[in-house]
Amino acid sequence: QVQLIESGGGLVQAGGSLRVSCAASGIIGSRYVMGWFRQSPGKERDIVAAISRSSSSTYYADSVKGRFTISRDNAKNTVNLQMDSLKPEDTAVYYCGAVFGVAVRTQPDEYDYWGQGTQVTVSS
């Protein structure tokens, strides 16, 4: 049974930092591209960042470039998202996703597995 479990969300003031983590079980993480997405009420789920299997390639949405950093530890089957200089518009539920293969994927419907999400709230 595949499980992706996110942790680390919470409430932070604008300009602050948070780190969200995703622990994968039931899959060999090193065979999967991992991504972080976010979704606000009434909006679609959008890509935040994605990372290749070997960490050699990353993708960031324009809105988070220079502020967020995605990383992974294949030995631990984990992927992290360090979020700095947070803004109120970063408020959303953040989801971890996994997709089997090589290419870094950015569309939600391309992903095979999802976590349950973790709430990130940035106050102004």
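The values are calculated or read from the model by the stated rules, or taken from the named source; none is laboratory data. These figures come from a predicted structure and were not determined experimentally. Here the Cβ positions follow ideal geometry from the backbone for every residue, glycine too, while neighbour counts run over all protein chains shown. SASA here: full protein model, heavy atoms, side chains in, ligands and nucleic acids out. Shrake-Rupley method; radii C 1.70, N 1.55, O 1.52, S 1.80 Å.
Key figures for this structure:
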quantity	calculated
Computed E for Ser57/Ser123 - FRET, C-beta separation, R0 25 angstrom, nearest 0.05	0.15
Full-stretch length increase - Arg67, Lys43 - with 0.36 nm per residue and alpha-carbon distance subtracted	6.4 nm
Cα-derived Rg to Rh of the stretch 79-124, Kirkwood definition	1.03
Over the chain, relative contact order from alpha-carbon pairs under 8 Å, at least 6 apart, %	36
Loop-resident sites, the stretch 60-124, for trypsin sites (Lys or Arg not before Pro), counting at most 16 other Cβ within 10 Å (DSSP)	Lys65, Arg67, Lys76
Carbon plus sulfur fraction of accessible area for the stretch 6-124, probe 1.4 Å, in percent	46
Whole-number accessible area per residue in Å² for the chain, which is evaluated in the context of all protein chains at 1.4 Å	51
